[in-house]
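Colleague: I have a structure here, written as structure tokens, and I will follow up with some questions on it.
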Amino acid sequence: MKKNHWKRIIAAGLAAGMLISLTACGKKNVELNDGTFKPMEASELSFPQADGTTLTGMISYPANTEPDPNNRTIFKRLEEDTNVHIEWNAIPGNQWGEKIQTIMAAPNSLTDFIFTAGFGENDLLRFAQQKVIIPLEEYIDNYMPNLKAVFDKYPEYRKMSTAADGHIYALPWIEQLGANKMAIQTVGNMSFINKKWLDDLGLEMPETIEEFEQVLIAFRDNAAKLQADFGIEGDIIPMSCIVNDGDQDPSILINSFGEGYGDPDRGRHIAVTDDKQVIFTATQEGFKEGMKWLHSLAEQGLIDPECYTHEWSQYVAKGKAHRYGVFFSWDPANIDNLEDFVPLPPLSADGQRILTPQNGSFTSGYDRGRCVVTAVAKQPALVCAWLDRMYDPFQSPQNNWGTYGEDDEFDIFELGKNADGEDMLQHAPLGDASPVEVREAEAVGGPLAILDEYYGVYVTCPDDAQYRLDWIEEYYTPYMTRNYVYPNVFMSQEDVKALSNLQADIEKTVRAKKSEWIRDGGIDEQWDEYLKSLEEYGLQEYLALFQKYLDAYFAE
């Protein structure tokens with residue numbers, strides 16, 4: 001699934017105080033509390049609420065799906081169970097990044113909580129400093145038993161959620177699907193190869209970069225046969241990708257070159273050595289040699305010439321027309337289909353086969369800034385108690401994937417029983433449906449936690465997750481020779497700002513050169529100047545910041 005990248009938010013500074021009264025043109029005053037803990041009696045927090053309660057929330061939703069959250073079955077049931085009505089400000093996901101900036105800078109527009117905030121650490125620290133969001137650790141410990149149970153069992157999640165000042169400013173999203181080198185997040189941009197084409201042309205699964213190149217050449221040179229044999233309209237594309245675009249990027253192919261680090265962290269370009277040192281992958285010789293090899297493929301017409309510019313929708317459209325021999329994504333069903341494509345294991349290069357896992361993946365899926373409670377909430381304890389329902393082991397899978405018993409053509413789940421005869425959510429077969437599209441129609445996202453021990457008790461493992469876990473174990477884990485990945489750390493506001501400033505120029509340079517070198521070549525002639533420019537942009541300071549927090553992480 002294509003991942004969203006939130007834009008950084010620029011907000012005006014707000015004066016601190018116990019209660020701040022702000023007035024916007026044409027709008028009533030709004031009072032912001034100072035974030036001190038506001039306890040409530042247990043009787044006031046029991047569900048269902050005796051007299052009914054209304055809270056306000058903000059949420060994003062996928063474009064072309066139900067725009068009113070209260071029309072979604074999940075929220076209908078939650079309202080029935082809790083007698084809490086939510087007045088939502090719902091914003092299409094493709095507009096969220098822009099609109100949330102304006103809203104966070106205008107407290108009169110804020111709701112009690114922001115359900116799908118997706119804020120990064122810099123956002124959280126800035127908004128906390130501006131007093132528009134409140135710390136939550138006391139509410140978690142006193143009024144959120146479901147989340148507290150997760151933190152107690154897996155203290156690393158509390159650690160990753162806690163800022164340097166000791167406060168927790170957001171409620172996380174946690175999705176465990178495997179752990180360590182078999183976690184589902186260890187490999188995002190899997191490479192998939194068209195097994196049907198291999199069989200039609202009598203080709204074997206390639207194991208080396210040389211064999212892979214010959215397969216692509218065979219796809220190119222037998223285009224007419226493939227078009228005729230499979231009724232394909234449009235040009236045959238031996239290999240497609242979206243360069244610099246997360247799970248669609250082809251960097252997994254270069255893992256075995258040189259030192260064997262590849263470029264698994266496409267946003268920061270860092271990896272951790274076995275002696276716990278942070279390195280910059282895009283300055284390694286293996287990266288350089290990998291770029292040269294990818295250019296040789298492009299020069300031979302083996303890579304989609306639109307891979308530097310086309311959008312997700314164009315990438316998918318060509319895939320659904322069955323024109324690809326090889327492509328890259330999280331799940332082949334989102335691009336073409338499961339039957340024709342199989343994972344391509346790491347290729348041997350320089351006499352080795354190595355795969356460096358993605359950073360942060362050993363603790364499985366985690367988003368520290370998924371949901372925040374704002375300073376306009378008059379009863380933050382009640383807000384947190386309601387949000388804790390999202391962490392109920394039976395509720396979290398529904399919020400994450402979808403629900404059961406809807407009056408439509410398809411449900412993600414059927415309601416069944418586990419081995420003890422208790423209710424369990426059982427994944428319904430996906431059939432030909434796209435997992436992304438079906439889930440977007442039913443799920444609500446937000447803060448939640450799905451732990452490995454829930455599978456078989458509260459919910460079955462989704463089929464598309466299980467086959468990815470199986471693929472990782474079979475095709476990728478055997479080649480994960482590295483001992484560490486960079487963990488999820490919560491940096492100070494000062495360091496986040498410094499890192500962000502450094503990363504802007506460094507990442508821009510790497511992205512531009514990566515596209516240029518794959519498309520046009522010239523890396524040998526430009527390499528020294530490229531290294532010099534990165535040093536001038538502060539590469540050593542950049543790495544030192546990462547190293548500082550890595551050292552602290554392992555020191556605790």
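Colleague: If the reach is capped at under 13 angstrom between alpha carbons, list the aspartates and glutamates near Lys195, excluding any in the same chain fewer than eight residues apart.
Modeller: Excluding near neighbours in sequence, the set is Glu204, Asp336, Glu339, Asp340.
Colleague: For P(r) over Cα pairs in 10 Å bins from 0, in percent, the listed values are [x] 3, 14, 20, 21, 19, 12, 7, 3, 1, 0; [y] 3, 10, 10, 9, 8, 8, 6, 5, 5, 5, 5, 4, 4, 3, 4, 5, 4, 2, 1, 0; [z] 3, 16, 26, 26, 18, 8, 2, 0; which was obtained by calculation from the structure presented?
Modeller: The calculated read-out lines up with [z].
Colleague: Leaving out same-chain residues fewer than 8 places away, which lysines sit with a Cα under 19 Å from that of Lys159?
Modeller: By straight Cα distance, Lys159 reaches Lys148, Lys548.
Colleague: Still on this structure, please answer the following. Would you mind giving the three semi-axes, in whole Å and largest first, of the ellipsoid equivalent to the stretch 265-325 according to its Cα gyration tensor?
Modeller: Over the Cα atoms of the stretch 265-325, the semi-axes work out to 30, 16, 9 Å.
Colleague: Can you pull the semi-axes for the stretch 43-94, root of five times each eigenvalue of the Cα gyration tensor, sorted largest first, whole Å? Walk me through the numbers on the way to the answer.
Modeller: Details: eigenvalues 123, 24, 9 Å².
Computed over the stretch 43-94, the values are 25, 11, 7 Å.
Colleague: Using the per-residue mean of other Cβ atoms lying within 10 Å as a proxy for protection, in what order, highest first, do the peptides 448-456, 41-49, 287-295 fall? Intermediate results must be reported in sequence, preceding the final value.
Modeller: Values: 448-456: 19.2, 41-49: 12.7, 287-295: 21.6.
The most tightly packed comes first, giving 287-295, 448-456, 41-49.
Colleague: Same structure again: To the nearest 500 deg cm²/dmol, what mean residue ellipticity at 222 nm is calculated for the chain from DSSP H runs of n ≥ 4 alone, each contributing -39,500 (n - 2.57), summed and divided by the residues?
Modeller: Working: 18 runs with 196 residues, N = 556.
Roughly -10500 deg cm²/dmol at 222 nm, from the helical runs in the chain.
Colleague: Rounded to the nearest 20 Debye, what is the dipole magnitude of the stretch 438-556 about its Cα centre when Lys and Arg each give +1 and Asp and Glu each give -1 at the C-beta?
Modeller: Details: 11 positive and 24 negative charges, 36 e Å.
That gives a dipole near 180 debye.
Colleague: Please compute the volume of the convex hull spanned by the alpha-carbon atoms of the stretch 184-257 and report it per residue in Å³.
Modeller: Working: hull volume 8.6 nm³, N = 74.
Given the Cα convex hull of the stretch 184-257, per-residue volume reads 117 Å³.
Colleague: Another question, then. Take the Cα radius of gyration of the stretch 370-409 and divide it by 2.2 N^0.38 Å, with N its residue count; two decimals is plenty. Mind dumping the intermediate values first?
Modeller: Numbers: Rg = 13.6 Å, N = 40, 2.2 N^0.38 = 8.9 Å.
Working it through for the stretch 370-409, the quotient is 1.52.
Colleague: Applying 1/(1 + (r/R0)^6) with R0 = 41 Å to the Cβ-Cβ distance of Gln300 and Ser500, what FRET efficiency is obtained, to the nearest 0.05?
Modeller: 0.55
Colleague: Over the Cα atoms of the stretch 74-128, Rg to Rh with Kirkwood Rh, two decimal places? It would help to have the intermediate numbers written out before the result.
Modeller: On the way: Rg = 13.4 Å, Rh = 13.0 Å.
A ratio of 1.02.
Colleague: A further question follows. Based on alpha-carbon atoms only, what is the radius of gyration of the stretch 410-537 relative to the globular estimate 2.2 N^0.38 Å? Could the numbers behind the result be given before it?
Modeller: On the way: Rg = 22.8 Å, N = 128, 2.2 N^0.38 = 13.9 Å.
That ratio works out to 1.64.
Colleague: Here's another thing I want to ask about it. Give the value in nm², to one decimal: projected area of the alpha carbon convex hull of the stretch 328-415, averaged over all directions. Don't jump to the answer; show the numbers that get you there.
Modeller: Working: hull surface 43.9 nm².
For the stretch 328-415, the mean projected area of the Cα convex hull comes to 11.0 nm².
Colleague: Would you tally the net charge around Val342, using a Cβ to Cβ cut-off of less than 12 Å, leaving Val342 out, and scoring K and R as +1, D and E as -1?
Modeller: Once all neighbours under 12 Å are counted, the net charge is -4.
Colleague: Sticking with this structure for a sec: Among Gly421, Met58, Leu297, which residue has its Cα furthest toward the positive end of the charge dipole of the chain, with +1 on Lys/Arg Cβ and -1 on Asp/Glu Cβ?
Modeller: The listed residue farthest towards the positive side: Met58.
Colleague: Now for a separate question. Using only Cα positions of the stretch 446-492, each an equal point scatterer, no hydration layer, compute I(q)/I(0) via Debye at q = 0.19 Å⁻¹ and quote the log10 values to two decimals.
Modeller: Log10 of I(q)/I(0), two decimals: -0.92.
Colleague: Please give the per residue accessible area of the chain, computed with a probe of 1.4 Å over protein heavy atoms only, in Å².
Modeller: Each residue of the chain exposes 41 Å² on average to a 1.4 Å probe.
Colleague: Continuing with the same structure: Looking only at the chain, where both bridge partners belong to it, what percent of the DSSP beta bridges are antiparallel (to the nearest 5)?
Modeller: About 60 percent, rounded to the nearest 5.
Colleague: What translational diffusion coefficient, in µm²/s and rounded to a whole number, does the Stokes-Einstein relation yield for the stretch 227-372 at 25 °C and a viscosity of 0.890 mPa s, taking the hydrodynamic radius as the Kirkwood radius over Cα pairs?
Modeller: On the way: Rh = 16.7 Å.
Answer, rounded: 147 µm²/s.
Colleague: While we're here: Using the crude model of +1 on Lys and Arg Cβ and -1 on Asp and Glu Cβ, and no other charge, please compute the dipole size for the chain relative to its Cα centre, in debye to 20.
Modeller: Working: 47 positive and 90 negative charges, 344 e Å.
For the chain, the charge dipole is close to 1660 debye.
Colleague: On to the next question. Show me the three semi-axes of the equivalent ellipsoid for the stretch 310-351, from the C-alpha gyration tensor (sqrt of 5 times each eigenvalue), largest first, rounded to whole Å.
Modeller: 22, 12, 9
Colleague: Another question, if that's okay. Report the Cα centroid-to-centroid distance between the stretch 419-457 and the stretch 183-231 in angstrom, as an integer.
Modeller: 32
Colleague: Once fully extended, how much extra length lies between Glu414 and Glu156, figured as 0.36 nm per residue of separation less the alpha-carbon to alpha-carbon distance?
Modeller: Using 0.36 nm per residue and subtracting the Cα-Cα distance, I get 89.6 nm.
Colleague: If you roll a 1.4 angstrom probe over the protein chains with everything in place, what fraction of the accessible area of the chain belongs to carbon and sulfur, to the nearest %? It would help to have the intermediate numbers written out before the result.
Modeller: Working: 10900 of 23040 Å².
Roughly 47 percent, rounded to a whole number.
Colleague: Right, something else. Can you give the extra length, in nm with one decimal, that the chain gains between Glu473 and Glu210 once fully stretched, where that is 0.36 nm per residue apart less the Cα-Cα distance?
Modeller: 92.2 nm
Colleague: Calculate the length of the line joining the C-alpha centroid of the stretch 34-56 to that of the stretch 480-556, in whole Å.
Modeller: 45
The values are calculated or read from the model by the stated rules, or taken from the named source; none is laboratory data. This is a predicted model, so every value here is computed, not measured. Using ideal geometry, Cβ is built from the backbone for each residue, glycine included, and neighbour counts are taken over all protein chains shown. For accessibility, only protein heavy atoms count, side chains too; no ligands or nucleic acids. Shrake-Rupley method; radii C 1.70, N 1.55, O 1.52, S 1.80 Å.
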